[in-house]
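Inspection log for the structure reproduced underneath, given as structure tokens.
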Amino acid sequence: MSAALATFSFPTPTLVGPGTLSELGSRLAQLGSRRPLVVTDPGLLQTRAFQLLQRALGPAGPGQGWEIFSGVHPNPVEQDVIDAANAYRAKGCDAVIAFGGGSALDVGKACRLLIKRPELPLSRFDYNADWSGLAPCVCIPTTAGTGSEVGRSSVVTLPATQRKAVIFHPQLLARLVILDAELTADLPPKLTAATGLDALTHCIESFTSPSFHPLCDGIALEGIHLIVEALPRACRNGQDLDARTRMLVAAAMGAVAFQKDLGATHSLAHPLSSICGMHHGTANAVCLPHVMAWNAQRKPGLYRRVGLAAGLDVMKVPDSEADAQTIALIRGLLTELGLGDGLKAYGVKPAQFDALADQAFADACHQTNPVPVTREDLKALYQAAY
Ligand SMILES: [Fe+2]
């Protein structure tokens, strides 16, 4: 065990604001890049966000000073990472631009491992190998949710196990992040709400997890403050660039905060995606108030400061009242955003609860839940969320 009480690290340079994408060219030059590879998914090629990227890179298109790999799958597999690394080598690139949602960002970050060491597949990833000097990576998110742009890990499904592996290394950090709200302005309200709820869940779960990390706690509380105010605005009017900017920043803050830890909501959500195909943010949204109620029953007052951050006047009310008001606020937010339905509305079947509970219990996130949970507790939570 390390002698340090905790390790703090918040190092990614980040440009924030509508139009900041126009700085991409000069920033690439500063990084010494003359031929970057854009790593993205095929769906993005038809979007206005991609048009804006093309404009920033020079209107001549791929082959004229920049290249593209657009084969990233929604839940990325190792082959995506191999293909991106091969494209980088074949086209003589010198930097990666990871452009898209969490999947594209994760593949863009991870392909640099295979560029440096093509002989070492991700299934045999060696944390202690020399990973210095990876290709520089610029992360540009087109959703406000996962916060993968500021993360030090990539989630990739490995063919050998068919399970999602978390490849973690500090060298995976991007050299630059660009949070440009014009890139998220066309995201439909449903996806805006679901991804935003992922970010909110990151903030709430990291703040209430028990380990000592006051820096993350402060960031999580301000993230909650931003999301509760800005997410309804971003859903009502996608072109509200102020709300979009706040959501992009809050999503990055959520991911910075959850380097502390997550909790049982994420353990419940992961199998809802892998077994039932639910969107990760939606799965979190549906489970979150149930986990909060369950935790609050066993640790009264747990959510008082979450409520305060969300703007509730709960400083002086009894513990149970502070929790009840905070959970009611979250439920109200979910209803307002169209995420008020239970798991039943998403096609989840009670016959799946046992398999879901098995996988949720095997998931590591609940180990840092504020209250320890058993497999039976997780199954009961699925029933409650049904
Ligand atoms: Fe998440």
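So residue 91 passes all but one of these: (1) under 19 Å from residue 179 (Cα atoms); (2) touching a residue at least 12 places away in the same chain (Cβ under 8 Å). Which condition number does it fail?
With (1) under 19 Å from residue 179 (Cα atoms); (2) touching a residue at least 12 places away in the same chain (Cβ under 8 Å) applied to residue 91, the lone miss is (1).
Please go through the range 114-125 and pick out each residue that is within 24 Å of the chain's Cα centre (by Cα) and surrounded by fewer than 16 Cβ atoms within 10 Å (Cβ to Cβ).
If the condition is that a residue be within 24 Å of the chain's Cα centre (by Cα) and surrounded by fewer than 16 Cβ atoms within 10 Å (Cβ to Cβ), then 123 is the only one that fits.
Being assigned to a helix (DSSP H, G or I), within 13 Å of the ligand (Cβ to nearest atom) and not polar (S, T, N, Q) narrows it down to one residue among 255, 230; which is it?
255
Output the number of the condition that residue 116 fails; it satisfies all remaining conditions of (1) farther than 15 Å from residue 169 by Cβ; (2) in contact with a Gly (Cβ under 8 Å, 6 or more places away or on another chain).
Unmet for residue 116, out of (1) farther than 15 Å from residue 169 by Cβ; (2) in contact with a Gly (Cβ under 8 Å, 6 or more places away or on another chain): (1).
Give the residues of the range 273-308 that are surrounded by 22 or more Cβ atoms within 10 Å (Cβ to Cβ), of a type in the set (A, V, I, L, M), touching a Leu at 6+ places or on another chain (Cβ under 7 Å) and more than 19 Å from residue 145 (Cα to Cα), sorted by residue number.
291, 296
Restricting attention to the range 113-134, which residues are part of a loop (DSSP other than H, G, I, E, B) and touching a Phe, Trp or Tyr at 6+ places or on another chain (Cβ under 8 Å)? It would help to see each step written out before you state the result.
Initial filter on the range 113-134 (part of a loop (DSSP other than H, G, I, E, B)): 117-121, 125-134.
Residue satisfying the conditions is 127 alone.
Every residue, every condition in (1) touching a strand residue (DSSP E or B) at 6+ places or on another chain (Cβ under 9 Å); (2) closer than 25 Å to residue 12 by Cβ, yes or no:
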{"position": "251", "(1), (2)": "yes, yes"}
{"position": "255", "(1), (2)": "no, yes"}
{"position": "260", "(1), (2)": "no, yes"}
{"position": "278", "(1), (2)": "no, no"}
{"position": "284", "(1), (2)": "no, yes"}
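From the list 239, 259, pick out the single residue that is open to solvent by 30 Å² or more (accessible area, probe 1.4 Å), without any contact (Cβ under 8 Å) to a residue 60 or more places away in the chain and of a type outside the set (D, E, K, R).
Among 239, 259, only 239 is open to solvent by 30 Å² or more (accessible area, probe 1.4 Å), without any contact (Cβ under 8 Å) to a residue 60 or more places away in the chain and of a type outside the set (D, E, K, R).
Identify, from the list 354, 341, the residue that is more than 16 Å from the ligand (Cβ to nearest atom), in a helix (DSSP H, G or I) and over 20 Å from the mean Cα position of the chain (by Cα). Spell out the reasoning first.
On the way: 341 fails: in a helix (DSSP H, G or I).
Checking each option against the conditions leaves just 354.
Filter the range 1-21 down to residues that are surrounded by 14 or more Cβ atoms within 10 Å (Cβ to Cβ) and not aliphatic (A, V, I, L, M) and give me whichever is modelled with the lowest pLDDT.
12
Say we look at the range 175-193 and pick out the residues that are in a loop (DSSP other than H, G, I, E, B) and open to solvent by less than 10 Å² (accessible area, probe 1.4 Å); which of these is farthest from residue 12 (Cα to Cα)?
So the residue we want is 185.
Name the residue, out of 270, 225, 202, that is in a helix (DSSP H, G or I), out of contact with any Lys or Arg (no Cβ under 9 Å at 6 or more places or on another chain), in contact (Cβ under 8 Å) with a residue 24 or more places away in the chain and open to solvent by 30 Å² or more (accessible area, probe 1.4 Å).
225
Could you figure out which of (1) buried (at least 23 other Cβ atoms within 10 Å of the Cβ); (2) away from the ligand (no atom under 13 Å from the Cβ) isn't true of residue 196?
Looking at each condition in turn, residue 196 falls short on (2).
Every residue in the range 37-85 that is open to solvent by 20 Å² or more (accessible area, probe 1.4 Å), among the charged types (D, E, K, R) and touching a strand residue (DSSP E or B) at 6+ places or on another chain (Cβ under 9 Å), please.
Within the range 37-85, 41, 67, 83 meet the criteria.
Within the range 86-104, is there a residue that is in contact with an Asp or Glu (Cβ under 9 Å, 6 or more places away or on another chain), of a type in the set (S, T, N, Q) and either crowded, with 20+ Cβ neighbours inside 10 Å or at pLDDT 95 or above (or both)?
Yes: the range 86-104 contains one or more residues that are in contact with an Asp or Glu (Cβ under 9 Å, 6 or more places away or on another chain), of a type in the set (S, T, N, Q) and either crowded, with 20+ Cβ neighbours inside 10 Å or at pLDDT 95 or above (or both).
Taking interchain pairs and intrachain pairs at least six residues apart, which have beta carbon atoms under 9 angstrom, with the first residue in the range 135-162 and part of a strand (DSSP E or B) and away from the ligand (no atom under 16 Å from the Cβ) and the second open to solvent by 20 Å² or more (accessible area, probe 1.4 Å) and hydroxyl-bearing (Ser, Thr, Tyr)?
That search, which allows pairs on different chains as well, returns 139/12; 158/123.
Yes or no: residue 166 over 30 Å from residue 19 (Cβ atoms), among the aliphatic types (A, V, I, L, M) and surrounded by fewer than 19 Cβ atoms within 10 Å (Cβ to Cβ)?
Values: over 30 Å from residue 19 (Cβ atoms): yes; among the aliphatic types (A, V, I, L, M): yes; surrounded by fewer than 19 Cβ atoms within 10 Å (Cβ to Cβ): yes.
In short, yes.
Given (1) loosely packed, with under 15 Cβ neighbours inside 10 Å; (2) within 15 Å of residue 263 (Cβ to Cβ), where does residue 332 come up short, assuming only one miss?
Here residue 332 meets the rest and fails (2).
The values are calculated or read from the model by the stated rules, or taken from the named source; none is laboratory data. Owing to the predicted nature of the structure, the values given are computational and were not obtained by experimental measurement. Positions of Cβ are backbone-derived with ideal geometry, glycine not excepted, and every protein chain shown enters the neighbour counts. The protein model used for the area step is the full one, side chains on, heavy atoms only, and it has no ligands, DNA or RNA in it. Shrake-Rupley method; radii C 1.70, N 1.55, O 1.52, S 1.80 Å.
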